[in-house]
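No value in this document is a laboratory result; all are computed from the given coordinates. Please read all numbers here as calculations on a predicted model, not as lab measurements. Here the Cβ positions follow ideal geometry from the backbone for every residue, glycine too, while neighbour counts run over all protein chains shown.
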Amino acid sequence: MVGYNKERGTYFCEICKLNYNTKELAEKCQAWCSTHDSCNLGIASMSVEAEESRKKQAK
Ligand SMILES: [Zn+2]
């Protein structure tokens with residue numbers, strides 16, 4: 001099961017703690033993280049944290 005952050009309204013992978021806007025993405029991340037030792041960049045790039053860092057870089 002993925003986690004749900006009530007304050008932010010996001011779902012998160014309980015292994016790498018990245019937040020996602022949809023439960024599906026968090027589940028994909030967690031499925032990957034539970035079978036691999038590293039994050040899948042394709043999935044991680046869709047995380048809330050990645051979106052936020054892209055916004056910061058755009059400034
Ligand atoms: Zn993960």
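Miscellaneous remarks
- The chain: C-alpha pair distances exceeding 16 Å, %: 38
- Residues whose amide H comes within less than 5 Å of that of ASN5, counting only those at least five positions distant or on another chain, are THR10, TYR11, PHE12 (H built at 1.01 Å from N in the peptide plane).
- The charge dipole of region 3-58, taken about the Cα centre with unit charges on the Cβ atoms of Lys, Arg (+1) and Asp, Glu (-1), comes to about 200 debye, rounded to the nearest 20.
- Once backbone amide H atoms are built at 1.01 Å from N, LEU18 has CYS13 as its partners under 5 Å, excluding neighbours fewer than 5 places away on the same chain.
- For the chain, CYS16, CYS33, CYS39 stand unpaired, since no other cysteine beta carbon lies under 4.7 Å from theirs.
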